[in-house]
Amino acid sequence: MKELKEKIELLNWIEIGSELNEKGYSVVNRFMTESDCKEHIELYNHENLFRKTVVMERYRFGLGEYKYFDYPLPPTIRTIRETIYPYLAKIANDWMNLLRIETRFPSTGKELQTICEANAQTKPTVLILKYGKGGFNTLHQDLYGDIFFPIQLVLFLNEPEIDYTGGEFVLTQTIPRAQSKAMVLKPKQGDMIIFTTNFKPKKGDKGYYRVQMKHGVSELHSGERHTLGIIFHDAIS
């Protein structure tokens, strides 16, 4: 795990922060190797690792399936979650300052988990999502209770145009008193997208205001698509 931690520490966090501020997302190319991606896809078949399976169409979330990991998380996933969090906490706290929100996030993920536990949010939210032909995910925000961290990430485990077609990652921005803006991304296998969970600040004529954001997945035309979603706050259920 030392090599993975060093890889995360060497990421250009100044650039990532700048892109999150400007666009609400940042793409880290080839964060995972092909073999790493295949290993994480294989985890989907190990039922003992998961606490809950959700079939999307039952809840009108889309068409597909996802599984929430149980604690303890697999070592690689735990390392990514714990090592990336402090960098994002600095960005999140800058956002709170700009928007004059009193909330402040602790410097470690373990401290955030303690805050979640105090608010009855004790269930892990890290998940693997699986889509087949025709699969999609409606626009949404991953909020699991009153406590939520405003930035999350997703890792793409399959190669587009080879393992699947369609299935683009979609982000929308809703600006007050204006039409929504859509951004369609086509990440490659091993890419990581860091993006806002709920809102980001944007500078206007009278200071900073909130831009609401949602994310989803467009319809798959063929093949199979897996992603690993890492959310930092826990859930009530």
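No value in this document is a laboratory result; all are computed from the given coordinates. Just so it is clear, the structure is predicted and the values come from calculations on it, not from any experiment. Positions of Cβ are backbone-derived with ideal geometry, glycine not excepted, and every protein chain shown enters the neighbour counts.
3J(HN,Hα) couplings calculated from phi for region 59-70 with the Karplus curve 6.51 cos²θ - 1.76 cosθ + 1.60 (θ = phi - 60°) are, in sequence order, 10, 6, 7, x, 9, x, 8, 9, 10, 8, 5, 9 Hz; Gly and Pro show x. Checked against a 20 Å cut-off, the cross-linked pairs K133/K188; K38/K67; K67/K130; K7/K202; K110/K214; K23/K90 give Cα-Cα distances beyond that limit for K7/K202; K110/K214. Measuring r between the beta carbons of T172 and K7 and using R0 = 30 Å, the FRET efficiency lands at 0.45. In the chain, which helices (entire DSSP H runs) extend 20 Å or more along their own long axis, judged by Cα positions, while averaging at least 1.0 on the Kyte-Doolittle scale? Qualifying helices, which must be both long enough and hydrophobic enough, do not occur. Computed from the C-alpha gyration tensor, the three semi-axes of the ellipsoid equivalent to region 105-182 are 29, 20, 11 Å, from longest to shortest. Taking the inverse of the mean reciprocal distance over all distinct Cα pairs, the Kirkwood hydrodynamic radius of region 25-140 comes to 16.6 Å. Each Lys and Arg contributes +1 and each Asp and Glu -1, all at the Cβ; summed about the Cα centre of region 2-230, the dipole is approximately 800 debye.
Considering all C-alpha pairs of region 2-230, those separated by over 26 Å amount to 36%. One equal scatterer on each Cα of region 138-237, no solvent, Debye formula: the resulting log10 I(q)/I(0) at q = 0.14, 0.25 Å⁻¹ is -0.61, -1.32. Can you tell which of N48, G229, N198 lies farthest toward the positive end of the dipole of the chain, using +1 and -1 charges on the Cβ of basic and acidic side chains (Lys, Arg; Asp, Glu)? Of the listed residues, the answer is N198.
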